[in-house]
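Q: One structure is given below, represented as structure tokens, and several questions about it will come after.
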Amino acid sequence: MNFDKNFSKIFGIIGGLKLPKFIQNFINNQYVKFFNINMSEFEKPEKYNSLNELFTRSLLLPRKFDEDEQIFISPCDGTCLSSGSTSQGMAFSVKGMKYSLKELLGTAISNKELSLQYDFANIYLSPRDYHHYHAPCDMQILSATYIPGKLYSVARSWLKKVDELYAKNERVALKCKIRDNKILWLVFVGALNVGKMKFSFDERIQTNAKADFTQIYGYENLYVKKGERLGNFELGSTILIIGEKDAIEYNLFEEKELKFGDSIGIIK
């Protein structure tokens, strides 16, 4: 097993440790201070019995968002690193660095679908962000594809030096159907220190695991409503949104700070 996966596994174990309360309180408060985390929507740091509980904190109150079915919302907190349209099956992670949809999605995309053009958006979740992810619109989940890989950091500095990083890291691709039967992929990319990616609709999906082969889970009649929780990262990572060309008119730009529930586009 490679170093990055071993390191992330160890970090996950340490994050799950429940230390004596006074030590845990100190660690939690230092973590919040170091990453400048706004805790106004969450319990106080002292309420969490481990770093992992703090990483995966839940909102005290549900976020409000525009419920109009045409409004496409951010599935998570984070920063938009890049958005645009694919060209010859390639998208940009950051300016000047590309990744291949074929390599990224593997069996989750057919050869026929690869011939089409798509719009994409990449959202980076930092260690300070709320780590749960939600449905950006009403949709039907057709399949989930787990693809094993590395666990490189997904910070901008690494994206600039590792070619096709997103297509090399461990990831889970949800293939979904949205309004007017348009196809949308939500790709959850693992990263250094990410203990696991969890999915509330299917506990069979195991990440940062020993599996070294692609695993495909198909679903019938699995519908989720906009804003419904899909799962969570343990620590920060990246979500890629890939949809049919012009299916969504995005309101995004590089370095735009996002919160889950923000309106980021209109479904046409």
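Here is a yes/no grid of residues against (1) assigned by TED's automatic domain parsing to the domain that holds ASP77; (2) assigned to a loop (DSSP other than H, G, I, E, B); (3) touching a residue at least 12 places away in the same chain (Cβ under 8 Å):
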{"site": "ASP119", "(1), (2), (3)": "yes, no, yes"}
{"site": "TYR133", "(1), (2), (3)": "yes, no, yes"}
{"site": "CYS137", "(1), (2), (3)": "yes, yes, yes"}
{"site": "LEU142", "(1), (2), (3)": "yes, no, yes"}
{"site": "SER157", "(1), (2), (3)": "yes, no, no"}
{"site": "VAL162", "(1), (2), (3)": "yes, yes, no"}
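Q: Separate question: Has the range 140-156 got at least one residue that is hydroxyl-bearing (Ser, Thr, Tyr), at pLDDT 90 or above and surrounded by fewer than 22 Cβ atoms within 10 Å (Cβ to Cβ)?
A: Yes; the residues of the range 140-156 include at least one that is hydroxyl-bearing (Ser, Thr, Tyr), at pLDDT 90 or above and surrounded by fewer than 22 Cβ atoms within 10 Å (Cβ to Cβ).
Q: Sort through GLU170, GLU164 and tell me the only one that's charged (D, E, K, R) and under 12 Å from the mean Cα position of the chain (by Cα).
A: GLU170
Q: Let me ask something else. Are any residues in the range 103-131 farther than 21 Å from ALA247 by Cβ and surrounded by fewer than 21 Cβ atoms within 10 Å (Cβ to Cβ), and if so, which ones?
A: GLU103, GLY106, THR107, SER126, PRO127, ARG128
Q: Another question about this same structure. Test ASN251 against the criterion of being under 27 Å from GLN70 (Cα atoms) and not charged (D, E, K, R), and give yes or no.
A: So ASN251 fits the description; yes.
Q: Then there's this: Which of (1) under 24 Å from GLU234 (Cα atoms); (2) at pLDDT 95 or above; (3) of a type outside the set (D, E, K, R) does SER126 not meet, given it meets every other one?
A: (2)
Q: Would you check which residues across the range 48-86 are over 20 Å from the mean Cα position of the chain (by Cα), surrounded by 13 or more Cβ atoms within 10 Å (Cβ to Cβ) and closer than 24 Å to MET197 by Cβ and list them?
A: Hits for the range 48-86 are TYR48, ASN49, SER50.
Q: To continue, here is another question. Residues in the range 239-268 that are assigned to a strand (DSSP E or B) and either at pLDDT below 95 or surrounded by fewer than 20 Cβ atoms within 10 Å (Cβ to Cβ) (or both): how many? Can you show your working first?
A: From the range 239-268, those assigned to a strand (DSSP E or B) are 239-244, 248-250, 256-258, 263-267; that's our starting set.
From the residues that got through so far, the ones that are either at pLDDT below 95 or surrounded by fewer than 20 Cβ atoms within 10 Å (Cβ to Cβ) (or both) too are 244, 249-250, 256-257, 263, 266.
Of the residues in that region, 7 qualify.
Q: Somewhere in the range 73-88, is a residue under 24 Å from GLU234 (Cα atoms) and in a helix (DSSP H, G or I)?
A: No, that holds for no residue.
The values are calculated or read from the model by the stated rules, or taken from the named source; none is laboratory data. No experiment lies behind these values; they were computed from the predicted model shown. Methodologically, a virtual Cβ is constructed for each residue, glycine included, from the backbone with ideal geometry; neighbour enumeration extends over all protein chains shown.
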